[in-house]
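The values are calculated or read from the model by the stated rules, or taken from the named source; none is laboratory data. Just so it is clear, the model here is predicted, and its values are computed rather than measured. All Cβ positions, even for glycine, are placed from backbone atoms using ideal geometry, and neighbour counts span all protein chains on display.
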Amino acid sequence: MEFRVYIFPIILLISIAIFIYSTRRLFNFMKLAQKPDNRFDNFQERIKKVLTIAFAQTKLLRDPVAGILHLLIFWTFIVFGFAVIESVVQGFYPSFSLAFLGWFYTLITFLKDILGLFVIISVLISLYRRFIQKIPRLNVDKSGKLDAAFILIMILFVAISMYGYNSASYANNGFNYHQYEYRPITATIASFVFSSGDFNFKIIYEIFWWLHILIIFAFLNYLPYSKHLHVITSIPNVFFANLEPKRNTIKPLNLEDENAETFGTSDIEQLSWKQILDGYSCTECGRCSYSCPAHTVGKSLSPREIIVNIRKRAEEKGKLILSGVNEHELLNKKLVHDYVKDIELWECTTCMACVQECPVMIEHLDAIIDMRRYLVLTESEFPSNLNNVFKSLETNFTPWAFSQSERASWAEGMDIKTMAEDSNGEILFWVGCAGSFDDRYKKVTKAFATIMKEAGVDFRILGTEEKCNGDTARRLGNEYLAQMLMQENIQTLNSYNVKKIVTACPHCYHSLKNEYPQFGGNFEVKHHSEFISDLINNGRLKLKDNSDVKKVTYHDSCYLGRYNNIFDEPRNVIEKSGKFDIIEMQRNKSKGFCCGAGGGRMFLEDEEGGRINLERTREAISTGAQTVASACPFCMTMLNDGIKHFQKQEEIQVKDIAEIVLDNLLINKNQ
């Protein structure tokens, strides 16, 4: 015991010094990030997120098996914190105990004793899942596997050593509990191991106590160099997370900055401190890549690897800068091209599945879009077929090569007024590029317009004054073109004093509702699924009483679902339109699988791997539904292509929810 009080303070000080050095090094790497990012607003909401996501681990529990295992390990370590405090103080005063806490100490000792067993079981199951069962999403490189094994074994020995010194202490006390102590598993172990034989319990206690405390110190000092750094950084990362994860709005670039030498992100200096913290916080659990549609069909993109490479680059370049190496050596590599390949960036559909599934609130899409911006705005390096897309957006105000004069041709003969003709309408119908020019989706536009007319909605359209909302250009990294389109549209809308907008396109919906406010465009925006649902609920639509039950499966649009949390309204519209049996696909609602067209992928070719839309169509066909329902023009195109690929046109129809409603609507012939 005397040996302990002389040696322990030295070991503690060394451990603290090493830990401060290691964490200070990480902070210095974060300081290299120059992009401003204020994450200190709305303190109350941030605390709420920490409680629900970090402590209650609601995101991890989306995968029940792994989630429960991790939840047990997490809360065991929270409870173990009391034991660590007690053990550290015992390093100075060996007889110290938290027994003065009374009944609370009884609760702590009991929970620690029970949870210790759970953590041992959880670690063994985790080792089995990673190294024997070999869960695909947990597959990492050799270094990552060794790191995971080392950490799990350390956790295992923390629990084993705890039982060791507690059992020896219990036996040394005549196989009786100390005051306010209750450790039933420890008592069982002590009775089984020490009940027969001559043992020096004090020495056994001392050995296990030292083993326990040294493992804890080693564990903490290893973390800053391990992928398990998230043990330290995950709670702060959740605290500083985007407060609107369902919206995932892209942050605007200041394109008028005369001092800017580049736009977007080429290396860690152009990142924000939060994006580097994201890199530190990645657990490499693989949930993001496992849910990524591009990765699922065999493309190069792995959201996990992009975040891991941000961490690797921050560590590598951070060391070089802080050690004062010459500029030439720093320019040999950069994040874009060398760590993250161009093809990976262009394969992203911006579906947000990676952000949705990340248990520590990493914002993969911000980094990907920033790197796309660099390629487009600074290097002019992008797939060649985007030349025509950008040119059409700039000259025709649509991604397709259609004349702006044809934008309202779909409305001929429907007696629909434009804002220029009469701006005193109840609501503006934002048609969108697909709804104006795509032959298939023009049918949806007409269907929705007919529904509104039947419901007596006094609506207007912009006609030839409407331009692309800017979503495609923005997701493809062309922020300059996107901002031009957005500002011109806002000027038009504000000139007519527009307050309410409805649109059938989720991409238009998200942009108008959530991103236009960045540039002074504040409107009340509804998607047509919400609008039709309201019309039905308010009795403004009369529907047929059909007797035939039809099987329908509904495909969730990423920009409607994950981005804006609209899952129920489209399903309600289908259910109330007639006798429909909605059969859910295996991946649905917040776990829905992307159609493959978002993020500008509608206009890009598949250079490698499979086709995302075929993966989704295969899943839709497997439901046995007669109709695949959608609520997005891009989704409709991709699903139609998939149905044609599998030659199922005669058996399965792809319909927008507006078309389903119109098919079952009692039309007023006198109107």
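Data overview
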item	result
Hits in region 1-34 - residues which are within 27 Å of the chain's Cα centre (by Cα), exposed (fewer than 15 other Cβ atoms within 10 Å of the Cβ) and not in a helix (DSSP H, G or I)	GLN34
Residue ID - surrounded by the most Cβ atoms within 10 Å (Cβ to Cβ), chosen from residues in region 199-256 that are over 29 Å from the mean Cα position of the chain (by Cα) and not in a helix (DSSP H, G or I)	PHE199
Residue tally, condition touching a residue at least 40 places away in the same chain (Cβ under 8 Å) and of a type outside the set (Gly, Ala, Ser), over region 634-659	10
Condition met for CYS508 (surrounded by 24 or more Cβ atoms within 10 Å (Cβ to Cβ), of a type in the set (A, V, I, L, M, F, W, C) and part of a loop (DSSP other than H, G, I, E, B))	no
Exclusive hit being assigned by TED's automatic domain parsing to the domain that holds GLY598, of a type in the set (Lys, Arg) and assigned to a loop (DSSP other than H, G, I, E, B), set LYS648, LYS644	LYS648
Test result for VAL498, modelled with pLDDT of 95 or more, on the phi < 0 side of the Ramachandran plot, assigned by TED's automatic domain parsing to the domain that holds PHE459 and outside any helix (DSSP H, G or I)	yes
Flag for ASP415 being charged (D, E, K, R), at positive phi and part of a loop (DSSP other than H, G, I, E, B)	yes
Sole residue being more than 26 Å from ASN248 (Cβ to Cβ), crowded, with 18+ Cβ neighbours inside 10 Å and not charged (D, E, K, R), chosen from ALA625, ALA631	ALA625
Test result for TYR177, modelled with pLDDT of 90 or more and either surrounded by fewer than 13 Cβ atoms within 10 Å (Cβ to Cβ) or under 23 Å from TRP75 (Cα atoms) (or both)	no
Residue list for region 601-641, filter: in a loop (DSSP other than H, G, I, E, B) and of a type in the set (Lys, Arg)	ARG611
Selected residue (criterion: farthest from GLU381 (Cα to Cα)) from residues of region 471-495 that are of a type in the set (A, V, I, L, M) and assigned to a helix (DSSP H, G or I)	LEU493
Residue pairs meeting the criteria (Cβ under 6 Å; at least 6 apart or on separate chains; first within 16 Å of CYS285 (Cβ to Cβ), in region 110-138; second outside any loop (DSSP other than H, G, I, E, B) and aromatic (Phe, Trp, Tyr))	ARG137/TYR290
Selection within region 570-585 - in a loop (DSSP other than H, G, I, E, B) and at pLDDT 95 or above	ILE583, GLU584, MET585
Cross-chain or 6+ apart pairs with Cβ under 8 Å, region 240-263 first and assigned by TED's automatic domain parsing to the domain that holds MET371, then part of a loop (DSSP other than H, G, I, E, B) and modelled with pLDDT of 90 or more	none
Per-region count, region 652-670, residues assigned to a loop (DSSP other than H, G, I, E, B) and either of a type in the set (A, V, I, L, M) or modelled with pLDDT of 95 or more (or both)	3
Scope region 176-191; condition touching a residue at least 40 places away in the same chain (Cβ under 8 Å) and not aliphatic (A, V, I, L, M); matching residues	HIS178, GLN179, TYR180, GLU181, TYR182, ARG183, PRO184, THR186
Residues (under 29 Å from LEU229 (Cβ atoms), aliphatic (A, V, I, L, M) and modelled with pLDDT of 95 or more) located in region 278-309	ALA294, LEU301, ILE306, ILE307
Complete set of residues in region 55-69 that are touching a residue at least 40 places away in the same chain (Cβ under 8 Å) and either surrounded by 17 or more Cβ atoms within 10 Å (Cβ to Cβ) or not in a helix (DSSP H, G or I) (or both)	GLN57, LYS59, LEU60, ASP63, ALA66, LEU69
Positions within region 136-153 being surrounded by fewer than 17 Cβ atoms within 10 Å (Cβ to Cβ) and either at positive phi or aliphatic (A, V, I, L, M) (or both), in sequence order	LEU146, ALA149, ILE153
Flag for GLU284 being outside the structural domain of GLU605 (by TED's automatic domain parsing), surrounded by fewer than 16 Cβ atoms within 10 Å (Cβ to Cβ) and in a loop (DSSP other than H, G, I, E, B)	no
Among the residues listed as SER405, SER392, the single one being assigned to a helix (DSSP H, G or I) and loosely packed, with under 13 Cβ neighbours inside 10 Å	SER405
Sole exception among (1) touching a residue at least 24 places away in the same chain (Cβ under 8 Å); (2) over 30 Å from ASN200 (Cβ atoms); (3) of a type outside the set (Ser, Thr, Tyr); (4) in the same structural domain as ARG130 (by TED's automatic domain parsing) for LEU12, by number	(2)
Residue count for region 36-54, restricted to those that are touching a helix residue (DSSP H, G or I) at 6+ places or on another chain (Cβ under 8 Å), of a type outside the set (A, V, I, L, M) and surrounded by fewer than 16 Cβ atoms within 10 Å (Cβ to Cβ)	1
Residue among ASP548, ASP556, ASP568 that alone is crowded, with 23+ Cβ neighbours inside 10 Å, among the acidic types (Asp, Glu) and free of Cβ contacts under 8 Å to residues at least 60 places away in the same chain	ASP556
Hey, GLY102 modelled with pLDDT under 90 and either over 22 Å from the mean Cα position of the chain (by Cα) or surrounded by 14 or more Cβ atoms within 10 Å (Cβ to Cβ) (or both) or not	no
Within region 301-377, helices (runs of 4 or more DSSP H) holding 2 or more residues that are touching a Lys or Arg at 6+ places or on another chain (Cβ under 9 Å)	303-322, 342-346, 353-357, 364-373
Identity of the residue in region 529-545, in contact (Cβ under 8 Å) with a residue 60 or more places away in the chain and in a loop (DSSP other than H, G, I, E, B), that ends up nearest to MET585 (Cα to Cα)	LYS544
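For every residue, the table says whether it meets (1) without any contact (Cβ under 8 Å) to a residue 40 or more places away in the chain; (2) assigned by TED's automatic domain parsing to the domain that holds ALA294; (3) surrounded by 22 or more Cβ atoms within 10 Å (Cβ to Cβ).
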| site | (1), (2), (3) |
| --- | --- |
| LYS312 | yes, yes, no |
| ASP338 | yes, yes, no |
| LYS341 | no, yes, no |
| ILE368 | no, yes, yes |
| SER384 | yes, no, no |
